[in-house]
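Here's the structure, in C-alpha cells; my notes come after.
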Amino acid sequence: MPAGTPVRHVAAEVSPRLAKAALVARVDDRLVDLSYPLTQDARVQILTGEGPDALHVYRHSTAHLLAAAVTRLFPGTQCGVGPALEDPPGFYYDFVVERPFVPEDLERIEAEMRRLAQADEVFEHQVWPRDEAIRFFADRGEPLKVQLIEEKTEGQAEVSVYTIKDRDTFVDFCLGPHVPSTGKLKAFKLTTTSSAYWKGDAKNQPMQRVYGTAFFSDKDLQAHLARLEEAKKRDHRKVGKELGLFMFHPWAPGAAFWLHKGTVLYNGLAEYMRTVLYPAGYEEVKTPLLFNKALWETSGHWFHYRENMFTLEAGEGEAMGVKAMNCPGHMLVFASEVRSYRDLPLRFHEQTALHRNEASGVLGGLTRVRQFSQDDAHCFVTQEQIGEEVQRLLGLVQQVYGDLGLTYEVKLSTRPEQYLGERATWDHAEAQLKQALEAAGQAYTINEGDGAFYGPKIDFDVTDAIGRKWQCATIQLDYQLPERFDLKYVGADNAEHRPVVIHRAIFGSFERFIALLIEHFAGAFPLWLAPLQAVVLPIADRHAPYAAQVVDRLKAAGLRVGLDDRQEKIGYKIREAQLQKVPYMLVVGDKEAAEGTVAVRSRQGGDLGSRAVDEFIADAQAEVASKGQSAQQPVGV
Ligand SMILES: [Zn+2]
Ligand SMILES: [Zn+2]
C-alpha cells in the first residue's frame with residue numbers, strides 16, 4: 001500500500017464483504033477509524049460486528065448519535081460527555097437541559113436517532129486548530145466542552161473533533177474512534193434518564209443523563225431487553241416489599257427495617273455462617289460500635305476515610321467515630337494479650353452493625369446502604385501460614401456458595417504501581433496465593449496491578465440466575481494494619497515477629513447478599529432459607545382444629561410453618577401462598593383429617609399428593625439438610 005492509504009482500502013483489498021462489514025480497525029495496538037491513513041508498515045486488523053472492542057466503539061458511536069438527536073430536537077442543549085459502558089451494557093450522554101426529559105422525550109429522541117441512522121450520515125474525523133475549536137464551542141454556548149478541550153489538550157496546537165454529516169448537523173470534541181457512518185448503528189434503545197452532575201461532583205453543574213443500550217444485532221438487543229424486564233420483576237426492592245421482608249423510611253436513610261420474615265431470613269444466614277465458621281476454628285467476637293478517634297488515627301481511617309464515617313462528640317468533647325469496619329477493633333483484641341506462634345492462625349469473626357456515611361443520592365435498596373453487617377473475619381497468620389490459610393478460605397467459599405447453589409468466578413489482584421512494603425514480601429505473598437488457588441483446584445484470572453496498596457487480594461464474582469455478576473467474597477492480605485498497631489507474636493525462636501492479617505468475607509455484607517439471593521431466587525428461596533417453609537390451609541372451618549394440630553407437629557419438628565384459617569376459598573388461599581413463594585402448601589379437609597395426612601402442593605403449582613404428616617416432616621427435614629442440592633432449584637417469577 002502506498003503511504004497515506006486509509007485503512008478501509010486494506011479491507012476492500014481483502015474482500016468487498018469485509019469492507020462492508022468493517023466497523024473499526026486496530027493498527028498495531030491502537031483502535032482507529034476506517035479513514036485512518038497508514039503512514040508506515042503496521043499490523044492491521046479489521047474489526048467487524050463482534051468482540052468487546054468493536055462493541056465499545058459501536059456503543060460510543062451511538063452516544064454521539066444520541067447527542068446529535070438531542071441537540072437537533074432541543075436547540076441550546078449543552079453536551080457533557082458520552083462514554084460507552086460495560087455495566088449496564090450500553091452508553092450514556094450527559095446534558096444541561098432547561099427541564100428534565102420525560103419518557104415522551106426519550107421516544108422522540110430515539111425516533112430522531114433512527115432517522116439519522118437511516119440517513120446513513122458519515123462520522124467524519126476532523127482536526128481543528130485548538131483556538132478555533134475553543135472559539136467554536138464558546139460561540140455555540142458550550143462552556144463545558146471548552147473546559148474539556150482546555151483541560152485535555154493543554155499545550156497542543158490542534159484538537160480532534162468528529163462530525164455527523166457536517167459541523168452544522170453535529171460536532172463533538174472527541175478522540176474517537178467511531179464507526180464509519182450512522183447507518184452501521186442498527187440495534188439501539190434508550191432506557192432511562194437520571195440526574196447527574198458535571199464530572200460526577202455534586203458541587204458542579206446539575207445535568208441530565210440519558211442511558212441507552214446498543215448491540216450488533218436486534219436479536220441480542222431484544223435478549224438484553226428481556227433480561228432487563230426479568231431483572232425488574234426480580235428487583236429485590238419490589239420482591240422484598242411483596243414478601244414483607246424489609247422496609248425503609250425517610251427518617252433512617254440507607255438503613256433497612258427488617259420485618260419479621262426478613263429478620264428470620266437474616267438470622268438464618270447469620271446462624272448458618274456461625275455453624276460453618278465455628279468448626280473452622282473461628283472465634284466470634286463483638287467489638288464496640290463507637291470508638292475514640294485515636295483508634296481511627298492509628299488505623300489510618302481518620303485521615304483517609306473520615307468523610308465516609310459518622311463522627312460525633314461524646315462526653316467532654318471526646319471525638320468519636322462510629323464503626324465503619326471491624327478490622328481496627330480486632331487489632332486491639334489481638335494486641336490485648338501476648339500471642340505465641342502456637343496461637344496462630346487466630347481468627348476473629350464478627351457480625352455487628354457497621355455504618356458508612358454514603359451520600360443520600362446514591363442510596364438504593366439493600367445494595368447501597370449506610371447501615372449493614374458483614375460476615376467479616378480477620379485471620380492472623382505467620383508469613384509461612386498464608387498459603388495454607390488461603391487454601392482453607394477457598395474451601396469455605398466453595399462450601400458456602402455450594403450450599404446456596406451459586407456459581408462464581410475468581411480473580412487474583414496483584415501488586416499495584418503504588419504499594420506499601422517490600423517488593424520481596426509482595427512476591428512471596430502473591431506466590432502463596434497462586435499456590436493456594438492451584439492446590440484448591442480453583443480456576444482463576446489475574447488482574448495485574450489491581451491489588452490494594454496494602455496487599456494482594458482474591459475477589460469472587462457470583463453469577464446470578466439471569467447472568468449478572470455480583471462481587472461478594474473477598475480475601476485480602478494486609479501487611480499494614482499489623483504494622484500500624486505494632487502487633488507481635490513470639491516465635492519458636494523466642495523472638496518477636498509481625499503477623500500478617502487476612503481480611504475476608506464470604507457473603508460480604510448481609511444486606512447486599514440478601515439482595516442478591518432475593519434476585520437470584522426471585523424470592524423463591526430454597527427450603528432451608530425460606531422464612532416460611534410451609535403453610536397449612538384448612539378447606540372449611542370444621543377442619544381448623546386438625547389444621548392447628550398439624551401446625552403444632554410441624555413446629556415441634558423445627559419447621560417454620562403458618563396457618564391460613566381465613567374464611568376464604570381454598571383456591572384463593574393457595575394462590576396467595578404461591579405469590580408469597582411459600583415452598584409447601586398443606587391442604588387439609590375431611591379426608592386428611594380422617595386419615596392423619598396432608599395434601600401437599602409445591603409453590604410451582606404442583607400437586608404432590610397425600611402424605612402422612614410424619615412422612616412430610618421427614619421429607620422436609622431431609623430437603624432442609626441437603627441445602628443447595630435440594631429438589632427446589634431457582635424458579636422463574
Ligand atoms: Zn466520540
Ligand atoms: Zn478488615
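The values are calculated or read from the model by the stated rules, or taken from the named source; none is laboratory data. Predicted, not measured: the structure shown is a model, and the values here were computed from it. Every residue, glycine among them, receives a Cβ derived from its backbone with ideal geometry; neighbour counts consider all protein chains shown.
In region 60-81, the count of residues that are over 23 Å from residue 192 (Cβ atoms), polar (S, T, N, Q), under 32 Å from the mean Cα position of the chain (by Cα) and away from ligand 2 (no atom under 16 Å from the Cβ) is zero. The single condition among (1) away from ligand 2 (no atom under 16 Å from the Cβ); (2) not in a loop (DSSP other than H, G, I, E, B) that residue 357 does not satisfy is (2).
Working only within region 116-139, note down all residues that are buried (at least 16 other Cβ atoms within 10 Å of the Cβ) and of a type in the set (Lys, Arg). Once the filter is applied, which keeps residues that are buried (at least 16 other Cβ atoms within 10 Å of the Cβ) and of a type in the set (Lys, Arg), region 116-139 yields only 130.
Only one residue in 34, 18 is in a helix (DSSP H, G or I) and in contact with a strand residue (DSSP E or B) (Cβ under 8 Å, 6 or more places away or on another chain). Which one? Give the derivation first.
Working: 34 fails: in a helix (DSSP H, G or I).
Exactly one of 34, 18 is in a helix (DSSP H, G or I) and in contact with a strand residue (DSSP E or B) (Cβ under 8 Å, 6 or more places away or on another chain), namely 18.
When you go through 613, 561, 598 one by one, which is the residue that is under 42 Å from the mean Cα position of the chain (by Cα) and among the hydrophobic types (A, V, I, L, M, F, W, C)?
561
Looking only at region 537-557, decide whether some residue is within 34 Å of the chain's Cα centre (by Cα) and farther than 18 Å from residue 366 by Cβ. So far as region 537-557 goes, no, none of its residues is within 34 Å of the chain's Cα centre (by Cα) and farther than 18 Å from residue 366 by Cβ.
Filter region 362-407 down to residues that are farther than 25 Å from residue 430 by Cα and hydroxyl-bearing (Ser, Thr, Tyr) and give me whichever is farthest from ligand 1 (Cβ to nearest atom).
Taking the candidates together, the pick is 373.
Residues in region 549-577 that are of a type in the set (A, V, I, L, M, F, W, C) and surrounded by 14 or more Cβ atoms within 10 Å (Cβ to Cβ): 550, 551, 554, 557, 559, 561, 563, 570, 574, 577. For region 150-175, the set of residues classified as more than 21 Å from residue 72 (Cβ to Cβ), touching a residue at least 24 places away in the same chain (Cβ under 8 Å) and surrounded by fewer than 21 Cβ atoms within 10 Å (Cβ to Cβ) consists of 156, 157, 158, 160, listed by residue number. Out of curiosity, is residue 184 within 22 Å of the chain's Cα centre (by Cα) and under 30 Å from residue 59 (Cβ atoms)? So residue 184 fails the test. Just one of the numbered conditions (1) modelled with pLDDT under 95; (2) in contact with an Asp or Glu (Cβ under 8 Å, 6 or more places away or on another chain); (3) within 16 Å of ligand 2 (Cβ to nearest atom) is not true of residue 469: (3).
Residues in region 295-318 that are touching a strand residue (DSSP E or B) at 6+ places or on another chain (Cβ under 7 Å) and either under 13 Å from residue 329 (Cα atoms) or not hydrophobic (A, V, I, L, M, F, W, C) (or both): 296, 311, 313, 318.
Residues of region 162-182 include at least one that is under 28 Å from residue 47 (Cβ atoms), away from ligand 2 (no atom under 16 Å from the Cβ) and assigned to a helix (DSSP H, G or I). Within region 264-271, not a single residue is surrounded by 13 or more Cβ atoms within 10 Å (Cβ to Cβ), small (Gly, Ala, Ser) and closer than 25 Å to residue 359 by Cβ. Screening the candidates 134, 149 for the property of being in a helix (DSSP H, G or I) and within 15 Å of ligand 1 (Cβ to nearest atom) yields one hit, 149.
Okay, residues lined up against (1) under 23 Å from residue 516 (Cβ atoms); (2) out of contact with any Gly (no Cβ under 6 Å at 6 or more places or on another chain); (3) away from ligand 2 (no atom under 15 Å from the Cβ):
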position	(1), (2), (3)
434	no, yes, yes
446	no, yes, yes
463	yes, yes, yes
474	yes, yes, no
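Residues checked against (1) surrounded by fewer than 17 Cβ atoms within 10 Å (Cβ to Cβ); (2) farther than 30 Å from residue 256 by Cβ; (3) touching a His at 6+ places or on another chain (Cβ under 7 Å):
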| residue | (1), (2), (3) |
| --- | --- |
| 461 | yes, no, no |
| 464 | no, no, yes |
| 476 | no, no, yes |
| 503 | no, no, yes |
| 519 | no, no, yes |
| 525 | no, no, no |
| 538 | no, yes, no |
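Take residue 333 and tell me if it is closer than 28 Å to residue 393 by Cα, more than 16 Å from ligand 1 (Cβ to nearest atom) and free of Cβ contacts under 8 Å to residues at least 60 places away in the same chain. Spelling it out, residue 333 is indeed closer than 28 Å to residue 393 by Cα, more than 16 Å from ligand 1 (Cβ to nearest atom) and free of Cβ contacts under 8 Å to residues at least 60 places away in the same chain.
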